[in-house]
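K.L.:
My structure is below; once you've seen it, I'll send some questions.
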């Protein structure tokens, strides 16, 4: 008897395309066929976008949810509920990926780079979901 297989992680966002573009750029992913952005000037009706890796495996999906409230981490007034951790190979890569994430619209929430055992940054994506970049 087999086990269930994780298809992808789904994130809620008010701006479905905007958050999908953030993760597409940050992680080097591509859209599932037929879900690419429409030509300039045409409306974007996307309310569910699937991002794939180079082998065509689902990684992240973004669904439109207009009434979502961004987490307020570290305060608990709106809890995180989930977050993703992304491993990098070195401190140099950590700094490069932090800068790149911020260029794409992320914001820094917590700097734990002084931790010699596992330096990391906690950032929030453009929709407010926290994620970690860490050296491991």
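K.L.:
Which of the residues belonging to the range 98-128 are assigned to a helix (DSSP H, G or I) and surrounded by fewer than 18 Cβ atoms within 10 Å (Cβ to Cβ)?
P.N.:
Result: 99, 100, 102, 103.
K.L.:
Quick check on this structure: which one of 74, 130 is modelled with pLDDT under 95 and within 21 Å of residue 8 (Cα to Cα)? Break it down stepwise before answering.
P.N.:
Values: 74 fails: within 21 Å of residue 8 (Cα to Cα).
Going through 74, 130 in turn, just one is modelled with pLDDT under 95 and within 21 Å of residue 8 (Cα to Cα): 130.
K.L.:
Could you figure out which of (1) surrounded by fewer than 16 Cβ atoms within 10 Å (Cβ to Cβ); (2) more than 13 Å from residue 19 (Cβ to Cβ); (3) in contact (Cβ under 8 Å) with a residue 12 or more places away in the chain; (4) assigned by TED's automatic domain parsing to the domain that holds residue 14 isn't true of residue 58?
P.N.:
Among (1) surrounded by fewer than 16 Cβ atoms within 10 Å (Cβ to Cβ); (2) more than 13 Å from residue 19 (Cβ to Cβ); (3) in contact (Cβ under 8 Å) with a residue 12 or more places away in the chain; (4) assigned by TED's automatic domain parsing to the domain that holds residue 14, the lone unmet condition for residue 58 is (1).
K.L.:
Any residue in the range 1-15 that's under 11 Å from residue 63 (Cα atoms): show its pairings with residues that are modelled with pLDDT under 85 and assigned to a loop (DSSP other than H, G, I, E, B) at Cβ separation under 9 Å, as long as the two are six or more apart or on different chains.
P.N.:
Matching pairs, first to second residue: 9/82; 11/82.
K.L.:
Given (1) more than 12 Å from residue 16 (Cα to Cα); (2) surrounded by 10 or more Cβ atoms within 10 Å (Cβ to Cβ), where does residue 40 come up short, assuming only one miss?
P.N.:
(2)
K.L.:
Starting from the range 98-119, keep only residues that are on the phi > 0 side of the Ramachandran plot, then list their pairs with residues that are surrounded by 13 or more Cβ atoms within 10 Å (Cβ to Cβ) and not in a strand (DSSP E or B) whose Cβ atoms are within a distance under 8 Å, requiring at least 6 positions of separation or different chains.
P.N.:
Pairs that qualify, where the first residue is on the phi > 0 side of the Ramachandran plot and the partner is surrounded by 13 or more Cβ atoms within 10 Å (Cβ to Cβ) and not in a strand (DSSP E or B), are 105/18; 105/22; 105/125; 105/126.
The values are calculated or read from the model by the stated rules, or taken from the named source; none is laboratory data. Since we're looking at a predicted model, the values are computed, not measured. Please note: Cβ atoms are built from the backbone with ideal geometry, for glycine as well, and neighbour counts cover all protein chains shown.
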